[in-house]
Amino acid sequence: MIAKALTPILNVSDIRASFAWFEKLGWKKGWEWGDPPSFGGVCSGECEIFLCEGGQGGRGRSSSPTTFGPDNEDSLDQGVWMSIWVDDVDEIYRHCLEHGIEVTWPPTDEPWHVREMHVRHPDGHVFRISKGLGEA
């Protein structure tokens, strides 16, 4: 198989609230389907994520304040985990704090040669926002 594209689909409890959450993160609503909408997409650059209200996958938020580290069990959130690769993790971190997005792991230089932070969607989906160390 040679894949030409990959579009994750997230199960969300409220599609309109999810559109708003992604817009706070800096993504744009690309489209919606249904009246009222129950399916849609958010976009950033060449990337797109589909959102499906109440279906197509699982969701579930843990009560843990962090999604990583020595005292955390990273399997507690039942949503999807995804990596988003960016140019400046620290800029995204400041943006998230300014817009009230839950940061569950601050920017950290990891031993696998990546600077990484985590944010959590209200339905338990976790986004690892990363940049390779040493990248220009």
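No lab work stands behind these numbers, since they all come straight from the coordinates. The shown structure was predicted, so the numbers you read here are calculated from the model rather than taken from an experiment. When we count neighbours, we look across all protein chains shown, and the Cβ atoms used for this are built from the backbone with ideal geometry, even at glycine.
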| Considering only the range 9-132, percent of DSSP beta bridges that pair antiparallel, nearest 5 | 75
| Can you tell which of 78, 112, 38 lies farthest toward the positive end of the dipole of the chain, using +1 and -1 charges on the Cβ of basic and acidic side chains (Lys, Arg; Asp, Glu)? | 38
| message | Can you give me the angle between helix 15-25 and the longest principal axis of the chain, using Cα atoms only, in degrees from 0 to 90, rounded to the nearest 10? | response | 30
| task | Let me know the charge dipole size of the chain about its Cα centre in debye, to the nearest 20, where only the beta-carbon of Lys, Arg (+1) and Asp, Glu (-1) is charged. | result | 300
| note | Within the under-15-Å Cβ sphere about residue 93, not counting residue 93, Lys/Arg +1 and Asp/Glu -1 give a net charge of -3
| remark: CD proxy, 222 nm, the chain: helix-only mean residue ellipticity via -39,500 (n - 2.57) per DSSP H run with n ≥ 4, per residue, nearest 500, stands at -4500 deg cm²/dmol
| remark: With Cα springs under 10 Å, the Gaussian network model of the chain assigns the largest mean-square fluctuation among 32, 116, 98 to 98
| said: Taking the number of other C-beta atoms within 10 Å as the exposure measure, put 84, 92 in order starting with the fewest. | reply: 84, 92
| said: Cross-link candidates for residue 24: which aspartates and glutamates have Cα within less than 13 Å, leaving aside residues fewer than 8 places away along the same chain? | reply: 98, 102
| query | Based only on Cα atoms, what Rg/Rh ratio does the range 9-132 have, Rh being taken as Kirkwood's radius? | reply | 0.96
| query | Which of 110, 23, 102 moves the most in a Gaussian network model of the chain with Cα springs under 10 Å? | reply | 110
